[in-house]
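Taking it in order: structure first as structure tokens, then the write-up.
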Amino acid sequence: MTTPLRPRRSGWHPPALTPAYRSTRLRAPTQAPLALPSAPVELRGPVFGHADLGPLDGDLHLNAAADGQSAIGPRILVHGQVTDEDRRPVPHTLIEIWQANAGGRYRHKRDGYLAPLDPNFGGCGRALADADGRYAFRSIQPGPYPWPNGGNDWRPAHIHLSLFGHAFAQRLVTQLYFEGDPLMAHCPILNAVPSEAGRARLVARLDLARTEPMDTVAWRFDIVLRGAAQTPFETRPEGP
Amino acid sequence: MRETPSQTAGPYLHIGMLDEVGPALIGASMRGPGARGEALTLIGRITDGKGAPVADGLVEMWQPDADGRFPPVSDPALSHVGRCACDADGTFRFETVRPGAAPGSGAPHAAMMLYARGVNRALHLRCYFKGDPANADDPLLRAAGDRAHTLIARPDGAAWRLDIRLQGRGETVFLDV
């Protein structure tokens with residue numbers, strides 16, 4: 001992609017400083033970001049293909065499990081479509097996935113939560129969207145976990161997702177939550193998103209139609225990346 | 001349909017972005033054997049509003065080759081994209097080549113993004129190079145005014161250095177691009 005991108009609307013994404021999420025207090029820039037049109041470098045991005053993925057990258061049940069073993073936890077399929085803001089499919093985009101295990105523990109040297117590690121679960125995967133922007137991966141439902149934020153704070157169950165799109169300025173890193181989780185209302189990270197409509201976009205919905213009987217529950221999560229500026233009026237003028 | 005809102009990459013971003021389970025897809029060594037152009041070691045230290053190192057941060061780079069070109073018509077010996085997790089001192093280090101000027105881009109530069117716990121939306125910035133005569137007319141550096149120096153790497157021994165300050169005195173100019 002080398003066409004200009006639509007400017008980001010203010011008030012939709014989380015602001016840099018959200019004091020209820022304590023870590024933002026010393027890490028949020030105080031100056032507003034300098035707005036200007038993307039240069040060629042930001043309108044292009046890395047391209048990935050099937051050759052970059054291993055055969056089990058999209059199967060977190062198995063991709064870190066010993067032969068004949070499988071990760072512990074509720075078996076889930078997460079699927080959806082990646083589109084841009086004009087609902088055009090974003091084909092062949094790379095999606096990186098990471099998450100805690102069913103007990104809420106990450107396989108990470110800095111995570112000391114008392115829930116045990118699952119020797120058959122790595123919590124890391126990748127998927128490549130197809131020509132229609134559709135993607136899917138298999139995993140286990142992650143558990144909620146406590147975290148140090150100054151009080152009795154618990155993360156709702158969530159999966160981290162990183163998408164490349166087709167332009168560096170389309171890069172998106174976000175988190176997927178699960179419909180009905182009562183911890184969502186209490187999460188300062190999710191609630192950093194200012195609007196109810198915005199928060200709702202981070203919640204995967206139960207998809208009974210794609211559920212595999214006696215096997216796997218399916219969740220639908222569609223993802224929208226920035227679209228092209230449609231008119232000259234949407235192309236931001238030069239300067240600050 | 002608006003863009004999906006951003007969320008922080010969190011403190012465990014290494015699992016998914018550097019794949020602590022298997023081989024990493026994107027690493028900090030971008031310069032392959034025979035890559036054209038001037039070898040570039042880019043280092044920098046990320047600090048917070050109190051000057052403490054951002055030890056759990058991660059930086060991505062995306063750049064043209066030494067001739068200012070992008071895939072698929074560019075130097076195949078260069079990985080145009082790189083990733084480096086900060087060490088305990090908040091320092092990152094890339095091995096790449098000095099980017100050339102892409103047509104219509106102003107002065108030569110690389111794009112960078114920064115992810116960390118406490119960063120709700122990834123921070124965009126650019127890395128320019130001190131002493132390049134084209135810097136004087138670059139539209140972004142002009143727009144950044146007296147803070148433009150926060151986006152200009154300086155020689156540091158055999159390497160180049162671009163420190164990143166998230167907040168407060170000397171705060172880096174972050175971009176809404």
Hey, got the average number of other protein chain Cβ atoms within 10 angstrom for residues in B:140-147? 3
Rank-order B:73-79, B:105-111 by packing density, defined as the average count of other C-beta atoms within 10 Å over each peptide's residues, highest first. B:105-111, B:73-79
Give me the percent relative contact order of chain B, please, defined on Cα pairs under 8 angstrom at least 6 residues apart. 25 percent
For region A:175-188, in order, what is each residue's ³J(HN,Hα) by Karplus, 6.51 cos²θ - 1.76 cosθ + 1.60 with θ = phi - 60°, in whole Hz (x at glycine and Pro)? 9, 9, 10, 10, 2, x, 6, x, 6, 4, 5, 9, 9, x
I'd like the FRET efficiency for A:Ile72 and B:Lys50, computed as 1/(1 + (r/R0)^6) with the beta carbon distance as r and R0 of 30 Å, rounded to 0.05. 0.15
Given R₀ = 35 Å, what would the calculated FRET efficiency be for A:Gln31 paired with B:Ala136, taking r from the Cβ atoms and rounding to 0.05? 0.95
Total formal charge among the other residues, if their Cβ is under 12 angstrom from that of A:Leu17, Lys/Arg +1 and Asp/Glu -1: +4
For residues of B:118-128, the mean tally of beta carbons on other chains within 10 Å: 6
Radius ratio Rg over Rh of the protein assembly as shown, counting only Cα atoms, Kirkwood formula for Rh: 0.95
Between A:Ala197 and A:Asn152, with labels modelled 7 Å along Cα→Cβ, what's the label distance in nm to one decimal, could you check? 3.6 nm
Peptides ranked, highest mean first, by Cβ atoms within 10 Å: ranges A:138-149, A:189-200, B:3-14: B:3-14, A:138-149, A:189-200
Across B:Pro133, B:Pro72, B:Pro99, the residue with the highest GNM fluctuation in chain B (Cα network, 10 Å cutoff) is B:Pro72
Enumerate the amide H contacts of B:Ile46 below 5 Å, restricted to partners 5 or more residues apart or on another chain; note that Pro and chain-start residues carry no placed amide H. B:Val54, B:Thr91, B:Phe92, B:Ile164
I'd like the mean, over residues of A:169-178, of how many other protein chain beta carbons sit within 10 Å of each residue's own Cβ. 5
J(HN,Hα) series, region B:146-161, from Karplus relation 6.51 cos²θ - 1.76 cosθ + 1.60, nearest Hz, glycine and proline x: 6, 9, 4, 4, 6, 10, 10, 6, 10, x, 9, x, 7, 9, 10, 10
Could you check the simple spin-label distance between A:Ser10 and A:Asp132, using points 7 Å along Cα→Cβ, in nm with one decimal? 4.0 nm
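Any read-out appearing in this document is the output of simple, stated calculations on the displayed coordinates, not a laboratory observation. Bear in mind that the values here come from a model prediction, so they are computed numbers and not experimental data. Cβ coordinates were reconstructed from backbone atoms using ideal geometry, including for glycine residues, and neighbour counts include every protein chain displayed.
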